[in-house]
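The values are calculated or read from the model by the stated rules, or taken from the named source; none is laboratory data. No experiment lies behind these values; they were computed from the predicted model shown. Positions of Cβ are generated from backbone atoms using ideal geometry, with glycine treated the same way; all protein chains shown enter the neighbour counts.
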Amino acid sequence: MFDFLDSGQYDLLGAFWVTVQLTLYSAVGSLIWGTVLAGMRVSPVPLMRGFAAAYINVVRNIPLTVLIIGCSLGLNQTLGITLGGDTFKDIGFRLAVLGFTAYTGTFVCEALRSGINTVPVGQAEASRALGLSFVQTLTLIVLPQAFRAVVAPLANVLIALTKNTTVAAAIGVAEASLLMKEMVENEPQALFAVFGIFALGFVLLTLPTGLLLGWVAKRVAVKR
Amino acid sequence: MKLSKVGAAAAVAVALALTATACGGSSDKAASDGGASAGAKKDKIVIGIKFDQPGVGLKTPDGKFTGFDVDVATYVAKELGYTPDQIEFKQAVSAERENLIANGDVKLVVASYSINDKRKEKVDFAGPYFLAHQDLLVRANDTSITKAEDLNKKKLCSVTGSTSAQNVKTKLAPEADLQQYPGYSDCLTGLENKAVDALTTDNSILAGYASQDKNKGKFKLVGLSLSNENYGIGLKKGDKDLQTKVNAAIKKMEADGAWEEAIKKNFGPSGYKNEPAPAVTEGS
């Protein structure tokens with residue numbers, strides 16, 4: 001039943017490695033972008049608050065497939081933006097990371113904002129009373145506590161991101177689900193075996209993430 | 001003011017719903033009448049076709065079906081004893097064709113379906129009824145691509161996981177910069193904007209795109225024969241009786257000129273030179 005795997009025709013590990021890379025780059029990108037957005041959402045400047053709120057409400061409500069295909073067809077194929085890549089392999093990968101970061105950043109931001117809400121107002125008031133600026137209050141007092149409160153929600157966002165990377169197949173990034181499509185086309189006799197392999201692959205990627213970050217969440221949580 | 005607007009909107013919605021049901025009712029009636037007059041023993045035949053390949057199998061915005069595969073399907077269904085209004089077309093995307101047949105969701109699949117051995121493990125074929133070749137579509141003024149090796153320095157586009165895409169990667173031009181999209185129309189955007197240089201798949205499908213009204217004069221076929229794709233009609237494995245009947249229908253279609261006519265009608269405008277009708281080899 002699984003004999004088609006021995007043909008050497010399919011680079012299963014290579015495809016999952018691209019999935020892992022997509023996830024990691026997009027996770028780092030969206031963590032940074034999400035933190036910036038969260039900072040804007042709680043900032044005292046109305047324009048920044050307005051921008052962040054508008055951005056989040058627009059981007060998180062766009063279907064991810066539309067966003068990713070829009071990046072490829074709109075930015076690359078129509079406007080000729082390559083993000084410094086020479087081949088479609090590089091361009092597709094970078095555009096996908098851009099799309100995932102733009103999308104996942106909104107969820108990171110909202111998780112983080114809920115974390116900021118767990119920090120007692122007195123903490124911010126006290127730091128202001130000590131003469132710290134808004135940026136200092138945010139980065140030294142509020143965010144460190146907020147992050148520790150939202151490790152578990154962020155783990156959910158990361159797991160969702162891992163699975164969302166399959167959407168990159170829509171713009172031809174050679175990750176796991178693209179290989180799955182190829183195998184389904186070539187091996188119609190082993191359809192369920194193919195699906196099973198890829199389902200298992202994703203469980204192996206996401207289950208340890210959940211367990212590890214669940215443990216971290218318990219360790220670092222601020223006891224109040 | 002606000003309330004009256006809501007009321008008006010609701011009235012419009014109700015009116016639309018009523019007209020919609022009225023339409024549905026009348027067409028249902030017509031279909032069942034047709035069925036009754038053609039003989040009560042048979043009701044409907046479900047045939048899988050492509051909905052997104054102009055010239056081959058296409059569902060138009062007004063819900064009609066056009067293309068060479070549709071004409072072949074209609075002819076074969078007629079030979080099996082079904083009138084055109086007894087045919088129900090169902091979308092058969094490439095990856096699902098075997099399962100649609102195996103599960104009995106469709107009786108036949110006529111969907112640019114190349115006959116090969118792996119597929120024959122799950123389904124049987126009748127035909128072939130058409131011989132296509134993998135080819136390239138380029139911009140009309142592009143003369144830099146004349147053979148497959150030229151692709152090694154070019155940007156190429158094809159459909160995710162398709163046989164044509166794999167063919168390029170493994171055999172024809174391993175160094176070609178290959179972009180894969182879910183559908184061929186996505187590739188056309190890039191081809192028109194010079195983000196890609198060529199689009200590859202079966203020449204029948206390419207010819208269909210090139211002869212669409214909105215694309216006329218923009219693209220041309222290079223005219224290479226990079227592979228042989230014998231299109232067959234997929235049917236349930238082991239159904240010898242149906243296979244024989246469909247084969248007979250294909251032979252008859254080729255003999256009485258309907259085949260030639262369908263080719264002219266669907267591929268004529270693109271200047272595409274089709275191969276002569278292939279000999280029926282399956283099931284004999």
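Worth pointing out:
- Summed over segment B:66-111, residues that are away from chain A (no Cβ under 14 Å), assigned to a helix (DSSP H, G or I), within 15 Å of the chain's Cα centre (by Cα) and not aromatic (Phe, Trp, Tyr) total 6.
Here is a yes/no grid of residues against (1) small (Gly, Ala, Ser); (2) without any contact (Cβ under 8 Å) to a residue 60 or more places away in the chain; (3) farther than 22 Å from residue A:140 by Cα:
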residue	(1), (2), (3)
A:33	no, no, no
A:61	no, yes, yes
A:81	no, yes, yes
A:85	yes, yes, yes
A:91	no, yes, yes
A:95	no, no, yes
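- Considering residues of segment A:80-133 that are among the small types (Gly, Ala, Ser) and more than 23 Å from the chain's Cα centre (by Cα) only, the residue nearest to residue B:179 (Cα to Cα): A:80
- Being within 26 Å of residue B:190 (Cβ to Cβ), modelled with pLDDT under 90 and within 14 Å of chain A (Cβ to nearest Cβ) holds for only one residue in B:60, B:143, B:160, and it is B:160.
- Residue check, residue A:97 away from chain B (no Cβ under 14 Å) and touching a Leu at 6+ places or on another chain (Cβ under 7 Å): yes
- Residues that are small (Gly, Ala, Ser), within 23 Å of residue A:177 (Cα to Cα), part of a helix (DSSP H, G or I) and within 14 Å of another protein chain (Cβ to nearest Cβ) occur in segment A:59-73; there is at least one.
- Residues of segment B:52-65 that turn out to be under 8 Å from the mean Cα position of the chain (by Cα) and assigned to a loop (DSSP other than H, G, I, E, B), as a count: 3
- Taking each residue of segment B:124-140 that is without any contact (Cβ under 8 Å) to a residue 40 or more places away in the chain and looking for partners that are surrounded by fewer than 24 Cβ atoms within 10 Å (Cβ to Cβ) and among the hydroxyl-bearing types (Ser, Thr, Tyr) with beta-carbon atoms closer than 6 Å, six or more apart or interchain, yields nothing.
- Condition met for residue A:96 (buried (at least 21 other Cβ atoms within 10 Å of the Cβ) and out of contact with any Ser or Thr (no Cβ under 7 Å at 6 or more places or on another chain)): yes
- Of the helices (runs of 4 or more DSSP H) lying entirely inside segment A:135-199, those carrying at least 2 residues that are within 14 Å of another protein chain (Cβ to nearest Cβ) are A:176-186.
- Checking every residue in segment A:22-35 against the condition of being more than 17 Å from residue A:157 (Cβ to Cβ) and either at pLDDT 95 or above or touching an Asp or Glu at 6+ places or on another chain (Cβ under 6 Å) (or both) gives zero matches.
- Selected residue (only one of B:90, B:118, B:64, B:169 is among the basic types (Lys, Arg) and touching a residue at least 12 places away in the same chain (Cβ under 8 Å)): B:90
- Scanning segment A:160-206 for residues that are at pLDDT 90 or above and among the aromatic types (Phe, Trp, Tyr) yields A:195, A:198, A:202.
- Selection status of residue A:214, surrounded by fewer than 18 Cβ atoms within 10 Å (Cβ to Cβ), small (Gly, Ala, Ser) and at negative phi: yes
- Residue identified as of a type in the set (A, V, I, L, M, F, W, C) and buried (at least 22 other Cβ atoms within 10 Å of the Cβ) among B:250, B:263: B:250
- The condition of being in contact with an Asp or Glu (Cβ under 7 Å, 6 or more places away or on another chain) and either of a type outside the set (A, V, I, L, M) or modelled with pLDDT of 85 or more (or both) holds for only one of B:32, B:26, B:94, that being B:94.
- Looking only at segment B:113-128, residues that are surrounded by fewer than 23 Cβ atoms within 10 Å (Cβ to Cβ) and either more than 11 Å from residue B:243 (Cβ to Cβ) or touching a Ser or Thr at 6+ places or on another chain (Cβ under 9 Å) (or both) come to 9 in all.
- Evaluation of residue A:12 against the conditions (1) within 15 Å of the chain's Cα centre (by Cα); (2) among the aliphatic types (A, V, I, L, M); (3) surrounded by 13 or more Cβ atoms within 10 Å (Cβ to Cβ) shows that the sole unmet condition is (1).
- Here residue A:43 meets each of (1) of a type in the set (Gly, Ala, Ser); (2) in a helix (DSSP H, G or I); (3) surrounded by 12 or more Cβ atoms within 10 Å (Cβ to Cβ) with one exception, condition (2).
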